[in-house]
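As structure tokens, the structure follows; a few thoughts come after it.
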Amino acid sequence: MTGDYNDIIYLPHHVSPTRPQMSMRDRAAQFSPFAALTGYDAAIRETARLTQEKVELDEQELAVLDRKFQLLLEQLGQCPQVTITWFVPDELKQGGRYLTITDVVKKVDAAARFVLLQNVGRICMDDIVEIEGELFDYLE
């Protein structure tokens with residue numbers, strides 16, 4: 001065999017007398033990929049995350065909701081249980097998402113425009129798009 005490395009090819013592997021030998025895992029980690037742009041993956045995930053646009057209700061739908069709020073005010077003493085769907089704005093980007101929950105209504109404040117639920121807390125009346133429950137069965 002003749003070549004450029006003939007003088008060193010059969011020499012024993014060098015082992016340092018002063019430094020500990022690196023584990024195979026640590027050696028492999030030297031060659032693993034790294035994130036050159038810190039936060040880039042998170043930014044891509046955030047951009048890809050979908051949000052919904054808030055639906056604007058027409059006059060007829062708003063009138064039905066107002067009637068339901070009035071019925072809730074009248075029946076607060078009976079702790080009515082309702083299912084409410086409302087819009088929650090996204091904190092990071094335009095749009096948001098719709099949540100639906102069934103809970104007991106504790107208070108309806110028409111002046112401050114909120115509904116207080118037993119477990120959820122305050123929901124802005126302007127964000128509510130639908131209210132359902134036994135209380136409203138005869139309206140439909």
Filtering segment 52-74 down to residues that are touching a Leu at 6+ places or on another chain (Cβ under 9 Å) and either on the phi > 0 side of the Ramachandran plot or among the hydrophobic types (A, V, I, L, M, F, W, C) (or both) yields LEU57, VAL64, LEU65, LEU71, LEU72
Please state which of the following conditions THR100 fails to meet, knowing it meets all the rest: (1) in contact with a Phe, Trp or Tyr (Cβ under 9 Å, 6 or more places away or on another chain); (2) of a type outside the set (D, E, K, R); (3) assigned to a helix (DSSP H, G or I); (4) exposed (fewer than 12 other Cβ atoms within 10 Å of the Cβ). (3)
Go through segment 93-120 and count every residue that is closer than 19 Å to GLN78 by Cα, under 23 Å from the mean Cα position of the chain (by Cα) and modelled with pLDDT under 90. 1
Go through the residues of segment 10-19 one by one and say whether even a single one is under 21 Å from GLU134 (Cα atoms), out of contact with any Phe, Trp or Tyr (no Cβ under 9 Å at 6 or more places or on another chain) and either among the polar types (S, T, N, Q) or at pLDDT below 90 (or both). no
Which residue, of GLN94, GLN60, is loosely packed, with under 10 Cβ neighbours inside 10 Å, part of a loop (DSSP other than H, G, I, E, B) and not charged (D, E, K, R)? GLN94
Lone unmet requirement of (1) in contact with a strand residue (DSSP E or B) (Cβ under 7 Å, 6 or more places away or on another chain); (2) among the hydrophobic types (A, V, I, L, M, F, W, C); (3) modelled with pLDDT under 90 for LEU65: (3)
Residues located in segment 33-57, provided they are over 18 Å from ASP127 (Cβ atoms) and either touching a helix residue (DSSP H, G or I) at 6+ places or on another chain (Cβ under 8 Å) or assigned to a strand (DSSP E or B) (or both): ALA35
Does LEU65 satisfy being part of a helix (DSSP H, G or I), over 32 Å from the mean Cα position of the chain (by Cα) and in contact (Cβ under 8 Å) with a residue 60 or more places away in the chain? no
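The values are calculated or read from the model by the stated rules, or taken from the named source; none is laboratory data. On a predicted model such as this, the values are computed, not experimentally measured, just so you know. Note that each Cβ is placed from the backbone with ideal geometry, even for glycine, and that neighbours are counted across all protein chains shown.
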